[in-house]
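Visitor: Below are the structure tokens for one structure; questions will follow.
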Amino acid sequence: MSSDIAGLAADLRSICGDEHVLTHRHQLRTYESDGLLQYAAMPGVVALPADGAEVQRVVRACHEAGVAFVARGSGSGLSGGAMPVEGGCVIALSRLRRILEVDLDNQRVTVEPGVTNIAVSDAVGPGHFYPPDPSSQIVCSIGGNVAENSGGAHCFKYGFTTNYVTGLEVVLPDGELVRLGAKHLDTPGYDLVGAFVGSEGTLGVATSITVRVVPSPQATRTLVAFFDSTSEAGSVVSAVVAEGIVAGAMEMMDNLSIRAAEGATKAGYPQDAGAALVIELDGSESECAARFDQVVALCEEGGAWKVRVASDEAERALIWKTRKAAFAAMGRIAPNYYVQDSVIPRTKMAAVLEQIEELALEYDLKVANVFHAGDGNLHPLVCYDGSKEGEPERAEELAGLIVKACVDAGGSITGEHGVGVDKKRYMPQMFGDDDLATFQRLRCAFDPAGLANPGKVMPTPRLCGEVPGPYREHPLEAAGLAERM
Amino acid sequence: MMKDARGSVLSPQEPASPQALAAAVSEAASAGTAVRFAGGRTKLAWGSPVPGALEISTKGLTTIHEHNAGDLTAVVDAGVTLAELRAEAGSAGQMLALDPPLGEGDEATLGGIVATGDSGPLRHRYGSARDLVVGMTVALSDGTLAKTGGKVIKNVAGYDISKLFTGAYGTLGAILGVSVRLHPLSPTTATAVGRSDDPGLIGSTAAGLSHAQVELQSLDVRWEANAGAVLARFGGASAAEPARDAAGAMGEQGLETEVSEDDGELWDSQRAGQRSSAGTVVRVSGLQTQIPELLRTARTLGARVVGRAGLGLFWVTLPSESNAAEGVESLRRAMAPSPCVVLDAPEEVRGAVDVWTAPDPATLVLMRRVKERFDPAGVCAPGLYVGGL
């Protein structure tokens, strides 16, 4: 441990208490990666503050010591966003687990960042719920959701974290505490809540988060339809959208994912199906019933050879369990996999899937596809065997080409997992130098010293130039033609 | 030269391309000339005045570049009017779910609506400009042309600069174009209206609907001439049925009810209530539980209220014959700590009150840092915005 870190660790102990500051190598190892295990870095110290006030003091101590820090929620992220800075400080927020206020009359819940996503819905259910629902919602934290602007299966209809966060308390990277937004919408001034959500921990640490909750739908209807091919299933997705139906969720799995997931859940999915399409409608009883019949008909017209309608909550749960098991079940297909998170315009789905298939053949690797079909968010899983010479490199190269195909089709390198360390090298495919420099302006306004989660998001390290200095008098003011209030 | 001898503005500029607009801004910045960005000029009076500013218009940027009906997205220039985009999207049974008042000749442009963060009744179901804009092209005062976001509805690559520019009134730079998410038009709509002159009953009825397990397109309140109403609009394959149910429930609460299946005018009137040519309009960023108190205050002040019951956003119009400046302060006291921002107002009212409600000092410092990074020359509508930004 360097002397800088030893000094900082002593400060952190006086703030958090001895038992909440970790410096032993075997303790630090727990924190060296997030959910993306391909990337690891050993922090110098991990602090586990108890509340917002302690977080503020920890950040201030890091700032004074000039030590970079990374805030961490549940560590379930999939882009290496919570991977430590080598030798730096990790601020683990797992002790900040209090629900601070449930104001159901105004449909707001205020929580500390370590509260899990599911706990928010549980606090207001069954009459209300918190819509963003990442697959990891049982463990992932709201603080992490804010950092990544997490989505989920239902975001085609309901939107993302950014559409639900109305207020934040944020410790800026210099230790200053600011309130952004409120319970109220449209608080006057720049939408710094909007800028902060999805900033991947590079603008500060949120210590209190106020979110909007909404009434639960009166009815939910779910089906899974099986097709010969993903292109057939994709056409049905387009047909549903063209009918003006806004489904709560539309999720697709290809044959490889079906086989893997079925092996894990034994839900009775036909292993020879080319594609499984899960469609869920929610809303009022009458609207749901009318639209659901339409969706079943569209599936049948579109070539589905089997449509399974969930007749009760248990069957619905099984359909979702199978869909959500797909990632974890990939172990049955290959020892390792890369998960990508690219987005394409939905109408380009058939063409891009075909390209992916050709690339997979060329690279002699298997690629499974599980995706949020409604919003075109693909999750291609590039399967490989890490013990085979050269295969990890081949897989990584293939994953990169898949990302490129998606961007070329007019899409994005990431729909919900974030850029982190994993996708920063792809950023120049989407953004030019001027665009990246414009991003950096925001970063510099919040964190001129570059201490908050450095090395993430931006493809190359950048320093902040001189702050342009105190607000200069405008020539108009000098001429007496204008004044500031 | 862009200014005449007295320092006042000559003719507004109307660059015909994004590059030309960015160049015009940076040229003004080099000369130390303040600029203001304008579209349909329907909301130019909002904010604090910026005397002597050169007006740079987006009206030369009028192309709908893409309408991807199958993807429910569109890419448009800032100078395109919402009415024009509405016609284009409507031809495919789609809409941009933004419905603020559009001005007398429907001149309001996408750029202006996004820059002011203006919204209408559809916000209840679909959110506002910040939720519907998925990408943006901007020009900064140093001539930088930059894009942010993308044109797919789901995308978390890079910082969400679009949200920063949405509602920033052009004080960070100019919005040149936006990518937006579209939604399907509802095949049918129907509205349940419940009327009462009891602010408490209006509030409790609105709260009941806001918390009910029904999917509303819009949920508004109205108060005018000592009488109030709750308006609940349903959309979908068969909107009349849930509207009748809602009206039934309102009737049980003691409101006078009706169901309208030809409800366009009802909602035009709600939108129109957000503007006033002679009165003073104050936008209250409140909470839904404040409805009774707000309506009682409006009754005392002889004011009109329209607003989004489930979102806590209200537009209060103080009549022109009243002492509106005093009315603004009364309203602020009654609604505190909810921010109250003056939008339309006669000159004398504008001069007598702070049109904005300033945020916390620490938050304002951060906002100033953002402004300084994006507009280091300090020429983009200086002084127009919150806290003199």
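Visitor: Would you mind stating whether A:Ala225 is crowded, with 24+ Cβ neighbours inside 10 Å, among the hydrophobic types (A, V, I, L, M, F, W, C), modelled with pLDDT of 95 or more and touching a Cys at 6+ places or on another chain (Cβ under 6 Å)?
Guide: So A:Ala225 fits the description; yes.
Results for (1) at pLDDT below 95; (2) farther than 20 Å from B:Arg86 by Cα; (3) away from chain A (no Cβ under 11 Å), shown as yes or no for each residue.
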position: B:Gly7; (1), (2), (3): yes, yes, no
position: B:Leu10; (1), (2), (3): yes, yes, yes
position: B:Glu14; (1), (2), (3): yes, yes, yes
position: B:Ser26; (1), (2), (3): yes, yes, yes
position: B:Gly39; (1), (2), (3): no, no, yes
position: B:Trp46; (1), (2), (3): no, yes, yes
position: B:Ile56; (1), (2), (3): no, yes, yes
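Visitor: For segment B:111-142, give me each residue that is within 11 Å of the chain's Cα centre (by Cα) and part of a helix (DSSP H, G or I).
Guide: Across segment B:111-142, the qualifying residues are B:Gly112, B:Ile113, B:Val114, B:Ala115, B:Thr116, B:Arg123, B:Ala129, B:Arg130.
Visitor: Something else now. Output the number of the condition that A:Ser235 fails; it satisfies all remaining conditions of (1) free of Cβ contacts under 8 Å to residues at least 60 places away in the same chain; (2) more than 25 Å from the chain's Cα centre (by Cα); (3) surrounded by fewer than 23 Cβ atoms within 10 Å (Cβ to Cβ).
Guide: Evaluating A:Ser235 over (1) free of Cβ contacts under 8 Å to residues at least 60 places away in the same chain; (2) more than 25 Å from the chain's Cα centre (by Cα); (3) surrounded by fewer than 23 Cβ atoms within 10 Å (Cβ to Cβ) leaves (1) as the failure.
Visitor: Looking at segment B:280-328, which of its residues are within 18 Å of B:Leu343 (Cα to Cα) and of a type in the set (Val, Ile, Thr)?
Guide: Matches in segment B:280-328: B:Thr280, B:Val281, B:Val282, B:Val284, B:Val305, B:Val306, B:Val316, B:Thr317, B:Val328.
Visitor: Quick one: which of A:Val109, A:Val120, A:Val70, A:Val90 is within 18 Å of the chain's Cα centre (by Cα), at pLDDT 95 or above and assigned to a strand (DSSP E or B)?
Guide: Unique residue meeting the criteria: A:Val70.
Visitor: Checking the structure you have, find out if any residue of segment B:321-343 is closer than 17 Å to B:Val284 by Cβ, touching a residue at least 60 places away in the same chain (Cβ under 8 Å) and not small (Gly, Ala, Ser).
Guide: The answer is yes; a qualifying residue exists.
Visitor: Additional query: Of the numbered conditions (1) surrounded by 23 or more Cβ atoms within 10 Å (Cβ to Cβ); (2) more than 7 Å from chain B (Cβ to nearest Cβ), A:Leu180 satisfies every one except a single condition; which is it?
Guide: (2)
Visitor: In addition: On the given criteria, is B:Ala212 hydrophobic (A, V, I, L, M, F, W, C), crowded, with 24+ Cβ neighbours inside 10 Å and within 14 Å of chain A (Cβ to nearest Cβ)?
Guide: no
Visitor: Can I ask one more? Scan segment A:1-27 residue by residue and report those that are in a helix (DSSP H, G or I) and without any contact (Cβ under 8 Å) to a residue 40 or more places away in the chain.
Guide: A:Ser3, A:Ala6, A:Ala9, A:Ala10, A:Arg13, A:Ser14, A:Asp18, A:Glu19, A:Arg25, A:His26, A:Gln27
For (1) touching a strand residue (DSSP E or B) at 6+ places or on another chain (Cβ under 8 Å); (2) at pLDDT 95 or above; (3) more than 19 Å from A:Leu192 (Cβ to Cβ); (4) assigned to a helix (DSSP H, G or I), each residue gets a yes or a no:
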| residue | (1), (2), (3), (4) |
| --- | --- |
| A:Ala445 | no, yes, no, yes |
| A:Pro448 | no, yes, no, no |
| A:Pro461 | no, no, yes, no |
| A:Glu466 | no, no, yes, no |
| A:Leu476 | no, no, yes, yes |
| A:Ala482 | no, no, yes, no |
| A:Met485 | no, no, yes, no |
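Visitor: Of the residues B:Leu140, B:Leu176, B:Leu219, which single one is among the aliphatic types (A, V, I, L, M), touching a His at 6+ places or on another chain (Cβ under 6 Å) and touching a residue at least 12 places away in the same chain (Cβ under 8 Å)?
Guide: Exactly one of B:Leu140, B:Leu176, B:Leu219 is among the aliphatic types (A, V, I, L, M), touching a His at 6+ places or on another chain (Cβ under 6 Å) and touching a residue at least 12 places away in the same chain (Cβ under 8 Å), namely B:Leu219.
Visitor: Given (1) within 22 Å of B:His183 (Cβ to Cβ); (2) out of contact with any Pro (no Cβ under 6 Å at 6 or more places or on another chain), where does A:Thr161 come up short, assuming only one miss?
Guide: (2)
Visitor: One residue is enough: does segment A:373-384 have a residue meeting the conditions within 13 Å of chain B (Cβ to nearest Cβ) and over 16 Å from the mean Cα position of the chain (by Cα)? Reasoning before the result, please.
Guide: Within segment A:373-384, the first condition is being within 13 Å of chain B (Cβ to nearest Cβ), and the residues that meet it are A:373-379.
If we keep only those that are over 16 Å from the mean Cα position of the chain (by Cα) too, we end up with A:373-374.
Taking every residue of segment A:373-384 in turn, at least one turns out to be within 13 Å of chain B (Cβ to nearest Cβ) and over 16 Å from the mean Cα position of the chain (by Cα).
Visitor: Could you please let me know if B:Glu104 is out of contact with any helix residue (DSSP H, G or I) (no Cβ under 9 Å at 6 or more places or on another chain), in a loop (DSSP other than H, G, I, E, B) and over 22 Å from B:Val379 (Cα atoms)?
Guide: So B:Glu104 passes the test.
Visitor: Within segment B:187-209, track down each residue that is at the interface with chain A (Cβ under 10 Å from one of its Cβ atoms) and in contact (Cβ under 8 Å) with a residue 60 or more places away in the chain. Break it down stepwise before answering.
Guide: Taking segment B:187-209 as the starting set, the residues that turn out to be at the interface with chain A (Cβ under 10 Å from one of its Cβ atoms) are B:187, B:207, B:209.
B:Ala207, B:Leu209 - these are the residues of segment B:187-209 that are at the interface with chain A (Cβ under 10 Å from one of its Cβ atoms) and in contact (Cβ under 8 Å) with a residue 60 or more places away in the chain.
Visitor: Just checking, does segment B:182-202 include any residue being assigned to a loop (DSSP other than H, G, I, E, B), more than 30 Å from B:Val80 (Cβ to Cβ) and touching a Gly at 6+ places or on another chain (Cβ under 7 Å)?
Guide: Scanning segment B:182-202, I find at least one residue that is assigned to a loop (DSSP other than H, G, I, E, B), more than 30 Å from B:Val80 (Cβ to Cβ) and touching a Gly at 6+ places or on another chain (Cβ under 7 Å), so the answer is yes.
Let's see how each residue does on (1) surrounded by 16 or more Cβ atoms within 10 Å (Cβ to Cβ); (2) in a loop (DSSP other than H, G, I, E, B); (3) within 24 Å of the chain's Cα centre (by Cα):
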{"residue": "B:Ala22", "(1), (2), (3)": "yes, no, no"}
{"residue": "B:Thr33", "(1), (2), (3)": "yes, yes, no"}
{"residue": "B:Gly40", "(1), (2), (3)": "yes, yes, yes"}
{"residue": "B:Ser48", "(1), (2), (3)": "yes, yes, yes"}
{"residue": "B:Gly60", "(1), (2), (3)": "yes, yes, yes"}
{"residue": "B:Glu84", "(1), (2), (3)": "yes, no, yes"}
{"residue": "B:Ala89", "(1), (2), (3)": "yes, no, yes"}
{"residue": "B:Ala97", "(1), (2), (3)": "yes, yes, yes"}
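Visitor: Test A:Gly189 against the stated conditions and say whether it is in a loop (DSSP other than H, G, I, E, B), free of Cβ contacts under 8 Å to residues at least 12 places away in the same chain and buried (at least 24 other Cβ atoms within 10 Å of the Cβ).
Guide: Yes.
Visitor: Being outside any helix (DSSP H, G or I) and without any contact (Cβ under 8 Å) to a residue 40 or more places away in the chain, is that true of even one residue in segment A:137-145? Step through it out loud before you land on a result.
Guide: Of the residues in segment A:137-145, the ones outside any helix (DSSP H, G or I) are A:137-141.
If we keep only those that are without any contact (Cβ under 8 Å) to a residue 40 or more places away in the chain too, we end up with A:137-138.
Yes, segment A:137-145 contains a residue that is outside any helix (DSSP H, G or I) and without any contact (Cβ under 8 Å) to a residue 40 or more places away in the chain.
Visitor: Another question, if that's okay. Given the conditions (1) under 17 Å from A:Thr166 (Cα atoms); (2) modelled with pLDDT under 95, and given that B:Glu321 satisfies all but one, which numbered condition is not satisfied?
Guide: (1)
Visitor: I'd like the residue in segment A:411-436 that is more than 7 Å from every other protein chain (Cβ to nearest Cβ) and among the small types (Gly, Ala, Ser) and, out of all such residues, is farthest from A:Gly80 (Cα to Cα).
Guide: A:Gly432
Residues checked against (1) over 21 Å from A:Tyr190 (Cβ atoms); (2) among the polar types (S, T, N, Q):
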position: B:Gly173; (1), (2): no, no
position: B:Pro199; (1), (2): yes, no
position: B:Ser204; (1), (2): yes, yes
position: B:Gln217; (1), (2): yes, yes
position: B:Asp220; (1), (2): yes, no
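Visitor: Say whether the condition of being in contact with a Ser or Thr (Cβ under 6 Å, 6 or more places away or on another chain), closer than 20 Å to A:Asp174 by Cα and surrounded by 22 or more Cβ atoms within 10 Å (Cβ to Cβ) is met by at least one residue in segment A:57-71.
Guide: No - not one qualifying residue is present in segment A:57-71.
The values are calculated or read from the model by the stated rules, or taken from the named source; none is laboratory data. None of these values were measured; they are calculated from a predicted model. Glycine also receives a Cβ, built like all others from the backbone with ideal geometry; neighbour counts cover every protein chain displayed.
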